[in-house]
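Participant: The structure follows.
The values are calculated or read from the model by the stated rules, or taken from the named source; none is laboratory data. Bear in mind that the values here come from a model prediction, so they are computed numbers and not experimental data. Note that we place each Cβ from the backbone using ideal geometry, even for glycine, and neighbour counts take in every protein chain shown.
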Amino acid sequence: MKQKQPNNSATTRRDEIISVAAQIFAVKGYHATTLDEIAKEIGITKPALYYYINSKEDILREIVGKIMEPMEEVTKVGRSALPPRERLARIIQMLVKFGAERKETTRIAFEQINILPRRSRDALRRRQKDVEKVVHETIRDGVERGDFAVDDTKVATLAILAVSNWIYRWYQPDGGLTPAQIADQFIHLLENGYIKK
C-alpha cells in the first residue's frame, strides 16, 4: 500500500497512473489500451484522469523517462573510474534492480519498443547501445588489466546483459529473494562459473 503524501498528492496519483498504464500497455500493447481502461483500473473517471495527464501520449512519454533514467545511471557507472570488477558488479546490480522493480517498463523496452513514437524509440535504442558499449568496455578493461579471463569480450557482454535484463520475465516480489540477493548470486555465478574447482 502506498503511503499518503499530502503535499504531493497530485504527483503520487500521477505516478500511480503511469504505473498502472505501464502494466496495461505491457499486457495489451499501447495502441490497444484506452484511457477509459486506465481510469477504470485506478478507480477514477476519465475526466478525473485528465486532471493528472493530458493524453495517452503524455503517459507514454513518462514511461519512456522511467526506462531511460536507470540506463543513464548505468552508463555513468560504466564510465566511472571504479576498477573493472567493481564497475561490472555495480552495473549488474543496477540492471537487476531496474528489471525487478520496473517490470512493466522493462517489458516495454525489450518487447514492445515498437509501440513508442519513432523519436522515443530511436532514443531508447541509442541508450540501450550505450549500456551495451559500457559493459563491453568494462569487460575489455578488466581483461587488459588481468582481472578477467574472457576469450570473447563481445559474447561475455551479451551473456551478462541477457542474465541481468531477463529478470523482469520471472521475478516475483514474494519469491523469497530480493533483487540485491539475486544480483549477488548472478555476480557470484558469473565470476566463479558453475564447475566445482
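Participant: Which one is farthest from Pro173 (Cα to Cα) among residues in segment 26-51 that are among the hydrophobic types (A, V, I, L, M, F, W, C) and at pLDDT 85 or above?
Facilitator: Residues of segment 26-51 that are among the hydrophobic types (A, V, I, L, M, F, W, C), as a first pass: 26-27, 32, 35, 38-39, 42, 44, 48-49.
Narrowing further to those that are at pLDDT 85 or above: 32, 35, 38-39, 42, 44, 48-49.
On the way: Ala32: 28, Leu35: 28, Ile38: 23, Ala39: 25, Ile42: 21, Ile44: 27, Ala48: 31, Leu49: 29 Å.
Restricting to residues being among the hydrophobic types (A, V, I, L, M, F, W, C) and at pLDDT 85 or above, the top hit is Ala48.
Participant: Mind checking which residues of segment 72-95 are in contact (Cβ under 8 Å) with a residue 40 or more places away in the chain, in a helix (DSSP H, G or I) and either in contact with a Leu (Cβ under 8 Å, 6 or more places away or on another chain) or of a type in the set (Lys, Arg) (or both)?
Facilitator: Val74, Arg85, Arg87, Ile92, Leu95
Participant: Consider Lys196 against the criteria (1) closer than 30 Å to Asp58 by Cβ; (2) at pLDDT below 95: it satisfies all of them except one. Which criterion is unmet?
Facilitator: If we test Lys196 against (1) closer than 30 Å to Asp58 by Cβ; (2) at pLDDT below 95, just (1) comes out false.
Participant: Having 3 or more residues that are surrounded by 16 or more Cβ atoms within 10 Å (Cβ to Cβ), modelled with pLDDT under 95 and basic (Lys, Arg) is the bar; report the helices (runs of 4 or more DSSP H) wholly within segment 103-192 that clear it. Before the answer, list the steps.
Facilitator: Numbers: elements: 103-111, 118-144, 153-165, 179-192.
Here the list is empty.
Participant: Moving on to the next point. Could you please let me know if Glu69 is free of Cβ contacts under 8 Å to residues at least 12 places away in the same chain, under 16 Å from Ile18 (Cβ atoms) and assigned to a helix (DSSP H, G or I)? First the steps, then the outcome.
Facilitator: Working: free of Cβ contacts under 8 Å to residues at least 12 places away in the same chain: yes; under 16 Å from Ile18 (Cβ atoms): yes; assigned to a helix (DSSP H, G or I): yes.
Criteria met by Glu69.
Participant: Here is a list: Ile24, Ile38, Ile44, Ile18. Which entry is in contact (Cβ under 8 Å) with a residue 24 or more places away in the chain, of a type outside the set (D, E, K, R) and either outside any helix (DSSP H, G or I) or surrounded by 13 or more Cβ atoms within 10 Å (Cβ to Cβ) (or both)? Give the derivation first.
Facilitator: Working: Ile24 fails: in contact (Cβ under 8 Å) with a residue 24 or more places away in the chain; Ile38 fails: in contact (Cβ under 8 Å) with a residue 24 or more places away in the chain; Ile44 fails: in contact (Cβ under 8 Å) with a residue 24 or more places away in the chain.
So the residue among Ile24, Ile38, Ile44, Ile18 that is in contact (Cβ under 8 Å) with a residue 24 or more places away in the chain, of a type outside the set (D, E, K, R) and either outside any helix (DSSP H, G or I) or surrounded by 13 or more Cβ atoms within 10 Å (Cβ to Cβ) (or both) is Ile18.
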